[in-house]
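The values are calculated or read from the model by the stated rules, or taken from the named source; none is laboratory data. Note that the structure is a prediction, hence the values are computed from the model and not measured. Here the Cβ positions follow ideal geometry from the backbone for every residue, glycine too, while neighbour counts run over all protein chains shown. Calculation scope for accessible area: heavy atoms of the full protein, side chains included, ligands and nucleic acids excluded. Shrake-Rupley method; radii C 1.70, N 1.55, O 1.52, S 1.80 Å.
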Amino acid sequence: MKHLRYFLAIILLLGIFIPAETAKAANGDTYEVSSMLLHVRDEPASGATIVGLLHKGDKLTVFHEKYGWVQTYYAGKTAWVAKHHLIPVSTGNVSTQASTSTSNNTGDSGNLTVNASSVNIRSGPGLDYPIIAGTSSGETYTVAERSGDWTKIKLSNGNTGWIASWLTSANAVSTEETSHNVQTVSNNKTASASKQVTNHSLSGFNIVLDAGHGGRDPGAIGLGGVQEKDLVTSTAKQVASTLRAYGANVIETRSGDYFLSLDERIHISNSYDTHAFISVHYNAFPVVSAQGINTFYASNTSRALASNVQNSLAASVPLSNRGTMQANYKVLRNTNAPAILMELGFITNAYDLSVIRTAEYQQQVGEAVANGLMNYFHN
Ligand SMILES: [Zn+2]
């Protein structure tokens with residue numbers, strides 16, 4: 001699947017330079033948020049991944065409408081919000097993208113609750129900032145400021161730090177699903193926390209972990225002749241042991257350096273009552289500047305699994321976030337279970353490779369996959 005991957009990588013790279021065509025084609029109406037809090041999601045569905053929050057009075061420009069959801073832009077990416085929490089402000093061809101969401105900071109009050117098992121707190125609003133503390137699910141913090149996908153919180157030692165908003169709930173879950181009522185929302189702290197922080201175990205789940213390539217198939221070749229299959233083998237072992245530590249029943253498609261066809265991998269997955277199939281790969285690209293992690297899925301039934309794992313990875317590892325992508329890989333297409341393929345960094349990029357090679361990175365990946373799966377299974 002190397003060629004396909006290059007092809008997709010080229011599309012991804014091209015995508016950087018193509019302005020959002022959808023923005024031109026759309027009507028560009030401006031709306032104002034009418035509810036206290038409004039979740040921004042990656043898809044037009046109430047179960048889709050939350051990628052951010054809007055607040056009462058925030059304005060946004062809408063480009064498409066679908067099933068009662070409207071598409072806007074949030075932190076530079078397409079995103080969706082429930083239309084019935086919006087009041088029209090003006091109509092016409094407004095060409096600016098919604099940008100309120102990325103800059104509505106200032107003494108914002110309220111609390112948030114962490115809803116992922118192991119979350120880093122950083123010194124600034126992004127994955128590039130140093131980790132200054134850690135936290136875990138169920139912890140509640142006072143919100144000091146918001147910036148895009150990141151929220152500034154007050155720590156117990158009096159300092160402040162930043163946390164990825166998508167790993168938290170704003171103590172007001174389900175604003176768009178259940179209620180327009182501000183009082184109900186703001187008083188609903190415990191209910192919201194318990195909705196997302198339910199069970200932090202993978203007990204009872206069968207996970208097929210697929211170390212890509214092996215044997216006569218080295219996979220991609222990276223800087224200094226490093227072979228994808230070797231890095232994949234050690235990473236998959238680490239992920240398997242972490243998932244087992246969380247109680248999962250892990251089935252490895254290959255556990256040593258030998259060749260295994262795609263059909264054999266698919267057969268293994270389909271022989272079990274598999275709850276998730278996860279294929280582990282590293283990426284390569286002729287342009288050495290290409291870097292970062294992304295997660296592929298083939299069908300809509302696997303999309304939520306992909307976003308949960310990718311979001312968890314992006315919040316936990318120091319490589320850049322290339323997001324999730326649909327791809328028609330055979331191993332994803334023909335497995336019955338929800339299936340994803342993780343590209344955990346570019347072995348053709350010096351920075352990525354220096355990180356990938358460390359045991360610490362592979363441990364972070366293990367924890368991130370476990371957290372992503374728990375969010376997926378228990379949300
Ligand atoms: Zn590969």
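Anything in region 251-283 that is in a helix (DSSP H, G or I) and either on the phi > 0 side of the Ramachandran plot or open to solvent by 20 Å² or more (accessible area, probe 1.4 Å) (or both)? List them, or say none. Full working, then the answer.
Residues of region 251-283 that are in a helix (DSSP H, G or I), as a first pass: 262-270.
Within region 251-283, L262, D263, E264, H267, I268, N270 meet the criteria.
Considering (1) among the polar types (S, T, N, Q); (2) touching a Leu at 6+ places or on another chain (Cβ under 7 Å); (3) open to solvent by less than 10 Å² (accessible area, probe 1.4 Å), say which one T348 fails and leave the rest.
The one condition T348 does not meet is (3).
Look at region 140-162 and say how many of its residues are at pLDDT below 85 and buried (at least 18 other Cβ atoms within 10 Å of the Cβ).
5
Could you run through region 284-309 and say how many residues are under 20 Å from G222 (Cβ atoms), buried (at least 20 other Cβ atoms within 10 Å of the Cβ) and among the hydroxyl-bearing types (S, T, Y)?
So the answer is 1.
If you check S289 against the conditions, is it at pLDDT below 95 and among the small types (G, A, S)?
Values: at pLDDT below 95: yes; among the small types (G, A, S): yes.
Answer is yes for this residue.
Looking only at helices (runs of 4 or more DSSP H) that fall completely inside region 181-250, which ones have 2 or more residues that are at pLDDT below 95?
Values: elements: 182-186, 189-196, 228-245.
Ranges flagged: 182-186, 189-196.
Filter the helices (runs of 4 or more DSSP H) completely within region 293-379 down to those with at least 3 residues that are hydrophobic (A, V, I, L, M, F, W, C) and either touching an Asp or Glu at 6+ places or on another chain (Cβ under 7 Å) or more than 16 Å from the ligand (Cβ to nearest atom) (or both).
On the way: elements: 303-316, 330-333, 350-356, 359-378.
Helices (runs of 4 or more DSSP H) meeting the threshold: 303-316, 359-378.
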